[in-house]
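Chemist: One structure, as structure tokens, below. Some questions next.
The values are calculated or read from the model by the stated rules, or taken from the named source; none is laboratory data. Please read these numbers as outputs of a predicted model, since none were measured by experiment. Cβ atoms come from the backbone with ideal geometry, glycine included; neighbour counts cover every protein chain shown.
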Amino acid sequence: MLNIFSVTAAACALLFTACNSAATKQPATDSSSVSTTTTSTTTQTVKKPGKMGTNAEIIARKQVPILCYHQIRDWRAKDSKTAKDYIVPIASFKEKIKMLSDSGYHTILPDQLYDYLTTGAALPSKPIMLTFDDTDLDQFTIANPELKKYGFKAVYFIMTVSIGRPNYMNKEQIKQLSDEGNVVASHTWDHHNFKKFAGKDWETQIDKPTKKLEEITGKKIEYFAYPFGLWNAQGLPELHKRGFKAAFQLAEKRDPNDPLMTIRRILDSGYWSAKTLSNSIKNSF
């Protein structure tokens, strides 16, 4: 079994510590150009989309909470203290997803977030995005059924080297997630540090995985998550060149010159209770 945690835990631990302190409150969007729409369960005020916003306007919009998960399983005796930050026990995960539903959160997907950030398009009340990294099988067998109970959708950032390996998702499971209305997105070939990409790395880590995921899902791959959450400004033009609409990091501040390629997420720690997660969402975004 490919064990990403044993390779990456030390680097990720630094990011986890920063997650709750990096965010700042952003001013809300204006209230002009609104209309009313009725769904089967709610009536909401909808802001009509406008023209493409500037980077300053994108930065100014209130950030949408985005959670990042890795493994959803019970802790084992051999799990290190650091690894447990990235392993959410099953009962805890279920409690947290129920809390999100009971608290009135509505999951959104990347296209909705992109339209909101770029044009001010409407979002449901209390929007949140749920994301899962690294292709772990328990995301399909445990997390996905739990999300379905509440009508939640998620984004699955797939590391393609692990597809079909023991304890990781196979092609059929990835396609099922996509067919069910979730979004499959890129997370490189083998979790190589984006800040170190050079030469053939762009083909190995981005181009080939993108093509493979498009073959599996039959859909265009337009979103990317940085391994370890690490990025550098020099590499961002390469993502634009390849047609990515947005990319997701972890704890660092967004790049004011390219906020769509540096969208923030926070890790939901395996140590956190549902109440702690709720408070972190409110404080981090």
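Chemist: Look through the stretch 193-243, keep the residues that are assigned to a helix (DSSP H, G or I), without any contact (Cβ under 8 Å) to a residue 40 or more places away in the chain and β-branched (Val, Ile, Thr), and return whichever of them is surrounded by the most Cβ atoms within 10 Å (Cβ to Cβ).
Modeler: In this case the residue turns out to be 206.
Chemist: Pairs needed: first member in the stretch 51-76, modelled with pLDDT under 95; second member anywhere, part of a loop (DSSP other than H, G, I, E, B) and aromatic (Phe, Trp, Tyr); C-beta distance under 9 Å; at least 6 residues apart or different chains.
Modeler: Once the first residue is modelled with pLDDT under 95 and sits in the stretch 51-76, no partner that is part of a loop (DSSP other than H, G, I, E, B) and aromatic (Phe, Trp, Tyr) comes close enough.
Chemist: Condition test on residue 277, is it in a loop (DSSP other than H, G, I, E, B), under 26 Å from residue 92 (Cα atoms), touching a residue at least 60 places away in the same chain (Cβ under 8 Å) and of a type outside the set (Gly, Ala, Ser)?
Modeler: So residue 277 fails the test.
Chemist: For residues in the stretch 80-99 being of a type in the set (A, V, I, L, M) and surrounded by fewer than 17 Cβ atoms within 10 Å (Cβ to Cβ), which is nearest to residue 275 (Cα to Cα)?
Modeler: Filtering first and then ranking leaves 99.
Chemist: Which of the residues that make up the stretch 245-271 are free of Cβ contacts under 8 Å to residues at least 40 places away in the same chain and assigned to a loop (DSSP other than H, G, I, E, B)?
Modeler: If the condition is that a residue be free of Cβ contacts under 8 Å to residues at least 40 places away in the same chain and assigned to a loop (DSSP other than H, G, I, E, B), then 249, 255, 262 are the ones that fit.
For every residue, the table says whether it meets (1) at pLDDT below 95; (2) closer than 16 Å to residue 109 by Cβ; (3) over 17 Å from the mean Cα position of the chain (by Cα); (4) surrounded by fewer than 18 Cβ atoms within 10 Å (Cβ to Cβ).
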residue: 143; (1), (2), (3), (4): no, yes, no, no
residue: 155; (1), (2), (3), (4): no, yes, no, no
residue: 168; (1), (2), (3), (4): no, no, yes, no
residue: 179; (1), (2), (3), (4): no, yes, yes, yes
